[in-house]
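Let me begin by presenting the structure, written as structure tokens, before commenting on it.
Derivation of every value follows stated rules applied to the coordinates shown; laboratory data play no part. Here the structure is a predicted model, which means the values were calculated and not measured. Cβ placement follows ideal geometry from the backbone for every residue including glycine, while neighbour counts extend to all protein chains displayed.
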Amino acid sequence: MKTKDINKAIKHLGVQIVRGRGYQYFIDLDTEDQIGESVYVCYLNHLSLEEWVKRAQMARSEHSN
């Protein structure tokens with residue numbers, strides 16, 4: 001799995017993932033601010049695509065509150 005695959009699946013939420021050192025995080029496409037909690041995985045395939053979408057949805061909903 002690649003970053004572009006995940007970002008394509010979550011684009012409708014207005015977020016994308018960015019790689020840190022041993023973790024990933026979501027940014028808001030409009031503000032470019034980090035939203036939600038970091039996801040601590042070394043490799044993208046440690047989570048399924050469905051799990052990435054769920055985590056992006058959680059990050060978006062936390063940011064909206």
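Let me check I've understood the local charge: for GLY14, count other residues with C-beta under 12 angstrom from its C-beta, Lys and Arg +1, Asp and Glu -1. What total comes out? All intermediate terms of the calculation are to be shown ahead of the outcome.
Values: positive: LYS11, ARG60; negative: ASP28, ASP30, GLU32, ASP33.
Result for the local shell: -2.
Residue by residue, what Karplus-based ³J(HN,Hα) values in Hz, rounded to whole numbers, does the stretch 19-36 have, using 6.51, -1.76 and 1.60 with θ = phi - 60° and x for Gly and Pro?
Values per residue, Gly and Pro as x: 8, x, 9, x, 8, 10, 8, 9, 10, 6, 5, 7, 9, 6, 8, 5, 10, x Hz.
Debye calculation, C-alpha points only, no solvent: report log10 I(q)/I(0) for the chain at q = 0.15, 0.17, 0.24 Å⁻¹, in the same order as the q values.
Taking Cα atoms of the chain as identical point scatterers yields -0.37, -0.49, -1.01.
Along the charge dipole of the chain, pointing to its positive end and built from +1/-1 on Cβ of Lys, Arg, Asp and Glu, which listed residue (GLN57, ILE35, ALA9) has its Cα farthest out?
ALA9
Suppose each label sits 7 Å from its Cα in the direction of the beta carbon; what would the TYR43-LYS4 distance come out to in nanometres?
Distance between label points: 2.1 nm.
When we measure straight from the Cα of LYS54, which lysines land under 16 angstrom away, once same-chain ones fewer than 8 places off are left out?
Of all the lysines, those that pass the test against LYS54 - Cα under 16 Å, at least 8 places apart if same chain - are LYS8, LYS11.
Only four residue types carry charge here, +1 at the Cβ of Lys and Arg and -1 at the Cβ of Asp and Glu. Report the dipole size of the chain about the Cα centre in Debye, rounded to the nearest 20.
Details: 9 positive and 9 negative charges, 64 e Å.
Computed charge dipole of the chain: roughly 300 debye.
Let me check I've understood the local charge: for SER61, count other residues with C-beta under 14 angstrom from its C-beta, Lys and Arg +1, Asp and Glu -1. What total comes out? The partial results should precede the final answer.
Details: positive: LYS54, ARG55, ARG60; negative: ASP28, GLU37, GLU62.
Summing Lys and Arg as +1 and Asp and Glu as -1 gives 0.
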